[in-house]
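Below is one structure, written out as structure tokens, with a few remarks after it.
The values are calculated or read from the model by the stated rules, or taken from the named source; none is laboratory data. None of the values given here were measured: they were computed from a predicted structure. Counting neighbours? That spans all protein chains shown, and the Cβs are built from the backbone with ideal geometry, glycine included.
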Amino acid sequence: MTRRTKMWACAVVMTSSAVVLGARVEPQRGAAQPASSAAWLKRPPTEEIRKNIDRAWMTQAAIGGMMDYWFKHSVEPNGFIQENLDRQWKPWGTQREASINGQGRQLYSMAVAYEMAPSPEYKAALTRGMDFLMKMRDPEFGGYYDRVGPNHEIINDNKTGFSSFAIFSLAEAGRVTGDRRYTDAAMVFFREMRDKMREGPFIGTGNYRRDFMLRAPGGFGGPGRGGPGAPAAPGAPGAAAAPGAAAPPTGPPGAAPGGPARRYRINLHAFEALLSLYDTTKSEEVWYQIAQELKAIERLYDYKIGYLPESYDEEWKPVGNPSGNPGHLFEWASLLSRAVELGADPKFIELGSRSLDLGLKSYNEEIGGLGGVGADGKPARMLWWPQSEVVKATANYAILHGRSELWRYHHKTLEFLKREYFDPKDGGWFADYVHGQPRAERGERAFYKGSVDGPEWGAYHQMSMFHDIWRITDPDYKPGPAMASRNPATRGKE
């Protein structure tokens with residue numbers, strides 16, 4: 001079997017509801033460069049922003065109330081990050097492994113925490129963690145192993161859609177430290193994902209075998225996401241297929257047998273990583289990829305309902321329920337806003353704004369958060385992360401896009417988080433909330449800092465919320481290496 005050196009795909013031609021995939025188009029110097037004008041900005045007076053956002057509290061909640069604990073208790077001497085922790089920050093369960101998803105998310109959180117509050121201790125822990133992540137790289141085929149043990153023993157050598165968190169954390173660490181090792185490694189992996197892990201116009205949307213030649217079981221968001229496992233039997237759902245072959249007809253979650261199969265999926269985290277990489281490097285090559293994905297997003301967007309479908313069948317027709325994951329509606333709103341900040345066409349603000357509005361249709365006014373009621377009408381778990389995305393997106397569109405009516409959702413959801421998710425006794429956040437079920441009656445697991453027995457729960461959504469609001473409420477903010485002088489509330493000097 002010969003190694004595949006390039007995957008099909010970048011040019012997108014839309015014919016009615018189908019996307020036709022062509023050969024990858026090489027970036028041209030100066031092509032599709034970002035705009036420089038900020039005429040789209042509808043920022044209210046600073047006094048109004050300050051009435052709604054307490055930046056000092058934001059910093060304290062992010063650093064003293066959360067990240068101080070993660071830095072102290074989760075980062076081991078060799079950089080391995082233990083994420084599944086009990087209420088007192090001791091390891092819980094059987095998880096002793098690092099996924100590129102979990103490690104990458106947590107390193108992003110550590111990088112932006114270091115930017116918000118620079119200190120030698122933070123930088124030392126971040127450096128150890130980044131060194132560990134860089135050793136997760138496959139020296140033969142490139143990319144990063146999906147899961148390794150605390151001493152880098154390989155648990156799962158597939159390359160997954162969550163690999164984008166390697167780019168994300170490398171780019172952010174490079175930005176805040178100024179260390180070119182990280183940005184250079186991020187660019188190398190960006191090219192590998194672009195050329196070897198592509199689905200149509202989008203990068204990093206599926207799981208691949210170690211050499212990138214075959215799809216691996218458990219595609220992005222599907223079976224196998226939670227941990228390593230044996231390959232599926234040939235022909236079984238999740239089994240690998242030859243390049244270009246039709247995916248097994250598993251369909252979307254909850255789809256009836258014989259329904260449309262989910263073949264393609266847009267990875268919002270890969271798009272997020274691209275924005276971060278461009279912000280750090282200002283690379284024309286990276287912007288070209290962002291521009292290609294934005295063109296596809298514009299064409300695939302459902303203008304009738306007001307959202308971007310994330311799952312598609314073989315002909316790129318949407319599959320699944322648009323409100324099946326309302327948290328992603330808020331994430332896409334924030335990401336499209338960020339793309340415009342970096343130079344994308346302001347028309348994407350309207351697309352993000354409509355996505356946010358659709359997400360608010362799942363807002364629970366009684367509780368003050370997203371969701372909380374199951375299909376059977378009974379109370380359902382409300383996880384930490386969708387609430388964080390509501391707080392972030394509503395602040396973003398109120399501050400940058402003039403939607404002052406969103407402040408009420410922002411404040412109501414933030415108060416809900418403070419009341420039900422913050423741990424006032426031991427620091428950090430709890431993972432979930434169930435309306436009408438006191439936490440003390442749900443057992444000790446309801447108080448733990450980990451949501452599952454695996455490396456998937458850390459500070460990513462919380463720090464994304466805190467950092468984005470901290471960033472956009474500072475009119476003088478400029479991305480770059482963290483300096484103590486930028487933040488008078490910092491505890492240390494470099």
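In this structure, does residue 278 turn out to be within 15 Å of residue 168 (Cβ to Cβ) and touching a residue at least 24 places away in the same chain (Cβ under 8 Å)? Break it down stepwise before answering.
Values: within 15 Å of residue 168 (Cβ to Cβ): yes; touching a residue at least 24 places away in the same chain (Cβ under 8 Å): yes.
So residue 278 passes the test.
Looking only at residues that are among the small types (Gly, Ala, Ser) and part of a loop (DSSP other than H, G, I, E, B) in region 431-441, which one is surrounded by the fewest Cβ atoms within 10 Å (Cβ to Cβ)?
Taking region 431-441 as the starting set, the residues that turn out to be among the small types (Gly, Ala, Ser) are 431, 436, 440.
Checking which are part of a loop (DSSP other than H, G, I, E, B) leaves us with 431, 436.
Working: 431: 18, 436: 8.
Restricting to residues being among the small types (Gly, Ala, Ser) and part of a loop (DSSP other than H, G, I, E, B), the top hit is 436.
Examine region 244-266 for a residue that is surrounded by 15 or more Cβ atoms within 10 Å (Cβ to Cβ), touching a helix residue (DSSP H, G or I) at 6+ places or on another chain (Cβ under 6 Å) and at pLDDT 50 or above, and state whether such a residue exists.
The answer is no, given that none of the residues of region 244-266 is surrounded by 15 or more Cβ atoms within 10 Å (Cβ to Cβ), touching a helix residue (DSSP H, G or I) at 6+ places or on another chain (Cβ under 6 Å) and at pLDDT 50 or above.
With the requirement that a residue be closer than 16 Å to residue 408 by Cα, crowded, with 17+ Cβ neighbours inside 10 Å and in contact with a Gly (Cβ under 9 Å, 6 or more places away or on another chain), what does region 365-377 give you? Give the derivation first.
Just the residues of region 365-377 that are closer than 16 Å to residue 408 by Cα, to begin with: 365-370.
Those still in the list that are crowded, with 17+ Cβ neighbours inside 10 Å too: 367-370.
The answer is 370, and nothing else.
So, residue 477, is that one under 27 Å from residue 398 (Cβ atoms) and either among the charged types (D, E, K, R) or modelled with pLDDT under 95 (or both) or not?
On the way: under 27 Å from residue 398 (Cβ atoms): yes; either among the charged types (D, E, K, R) or modelled with pLDDT under 95 (or both): yes.
Yes: the conditions hold for residue 477.
State all residues of region 288-317 that are out of contact with any strand residue (DSSP E or B) (no Cβ under 6 Å at 6 or more places or on another chain) and among the small types (Gly, Ala, Ser); if no residue qualifies, say none.
Selection gives 291, 306.
Go through the residues of region 30-41 one by one and say whether even a single one is on the phi > 0 side of the Ramachandran plot, outside any helix (DSSP H, G or I), surrounded by 16 or more Cβ atoms within 10 Å (Cβ to Cβ) and touching a residue at least 60 places away in the same chain (Cβ under 8 Å). Outline the logic, then answer.
Narrowing region 30-41 to residues on the phi > 0 side of the Ramachandran plot: 30, 32.
This time we only want the ones that are outside any helix (DSSP H, G or I), so: 30, 32.
Okay, now just the ones that are also surrounded by 16 or more Cβ atoms within 10 Å (Cβ to Cβ), so 32.
In the following step, the residues that additionally are touching a residue at least 60 places away in the same chain (Cβ under 8 Å) were identified as 32.
Yes; the residues of region 30-41 include at least one that is on the phi > 0 side of the Ramachandran plot, outside any helix (DSSP H, G or I), surrounded by 16 or more Cβ atoms within 10 Å (Cβ to Cβ) and touching a residue at least 60 places away in the same chain (Cβ under 8 Å).
Would it be correct to say that residue 301 is among the aromatic types (Phe, Trp, Tyr) and under 18 Å from the mean Cα position of the chain (by Cα)?
Values: among the aromatic types (Phe, Trp, Tyr): yes; under 18 Å from the mean Cα position of the chain (by Cα): no.
So residue 301 does not fit the description; no.
Given region 334-430, what helices (runs of 4 or more DSSP H) lie entirely inside it while holding 3 or more residues that are β-branched (Val, Ile, Thr) and at pLDDT 95 or above?
384-400
With 397, 421, 409 as the choices, which residue is touching a strand residue (DSSP E or B) at 6+ places or on another chain (Cβ under 8 Å) and under 24 Å from residue 41 (Cβ atoms)? Explain how you work it out, then say what you get.
Details: 397 fails: touching a strand residue (DSSP E or B) at 6+ places or on another chain (Cβ under 8 Å); 421 fails: under 24 Å from residue 41 (Cβ atoms).
Testing whether each residue is touching a strand residue (DSSP E or B) at 6+ places or on another chain (Cβ under 8 Å) and under 24 Å from residue 41 (Cβ atoms) leaves just 409.
Is it the case that some residue within region 272-283 is within 26 Å of the chain's Cα centre (by Cα), on the phi > 0 side of the Ramachandran plot and modelled with pLDDT of 50 or more?
Step one: of region 272-283, the residues within 26 Å of the chain's Cα centre (by Cα) are 272-283.
Restricting the remaining residues to those that are on the phi > 0 side of the Ramachandran plot gives 282.
Now drop any that are not modelled with pLDDT of 50 or more, which leaves 282.
So far as region 272-283 goes, yes, one or more of its residues are within 26 Å of the chain's Cα centre (by Cα), on the phi > 0 side of the Ramachandran plot and modelled with pLDDT of 50 or more.
Anything in region 297-319 that is part of a helix (DSSP H, G or I) and surrounded by 20 or more Cβ atoms within 10 Å (Cβ to Cβ)? List them, or say none.
Step one: filter region 297-319 for residues part of a helix (DSSP H, G or I), giving 297-300.
Those that are part of a helix (DSSP H, G or I) and surrounded by 20 or more Cβ atoms within 10 Å (Cβ to Cβ): 297, 300.
Just one of (1) buried (at least 22 other Cβ atoms within 10 Å of the Cβ); (2) out of contact with any helix residue (DSSP H, G or I) (no Cβ under 8 Å at 6 or more places or on another chain) trips up residue 186, so point out which.
Result: residue 186 fails condition (2) only.
Please give the helices (runs of 4 or more DSSP H) falling wholly within region 50-163 in which 3 or more residues are buried (at least 24 other Cβ atoms within 10 Å of the Cβ). Let's see the steps before the verdict.
Details: elements: 55-62, 68-74, 100-116, 120-134.
Answer list for region 50-163: 100-116, 120-134.
How about region 128-145: which of its residues are farther than 20 Å from residue 464 by Cα and not hydrophobic (A, V, I, L, M, F, W, C)?
Answer for region 128-145, where residues must be farther than 20 Å from residue 464 by Cα and not hydrophobic (A, V, I, L, M, F, W, C): 128, 131, 135, 137, 138, 139, 140, 142, 143, 144, 145.
Quick check on my filter: what residues within region 43-56 are within 20 Å of residue 340 (Cα to Cα) and more than 26 Å from the chain's Cα centre (by Cα)? Give the derivation first.
Just the residues of region 43-56 that are within 20 Å of residue 340 (Cα to Cα), to begin with: 43-44.
44 - this is the single residue of region 43-56 that is within 20 Å of residue 340 (Cα to Cα) and more than 26 Å from the chain's Cα centre (by Cα).
Quickly run through region 300-317 and pick out the residues that are out of contact with any Ser or Thr (no Cβ under 7 Å at 6 or more places or on another chain) and under 13 Å from residue 266 (Cα atoms).
Matches in region 300-317: 300, 301, 309, 310, 311, 312, 313, 316.
Could you please let me know if residue 442 is at pLDDT 95 or above and not aromatic (Phe, Trp, Tyr)?
On the way: at pLDDT 95 or above: no; not aromatic (Phe, Trp, Tyr): yes.
Judged against the criteria, residue 442 is not a match.
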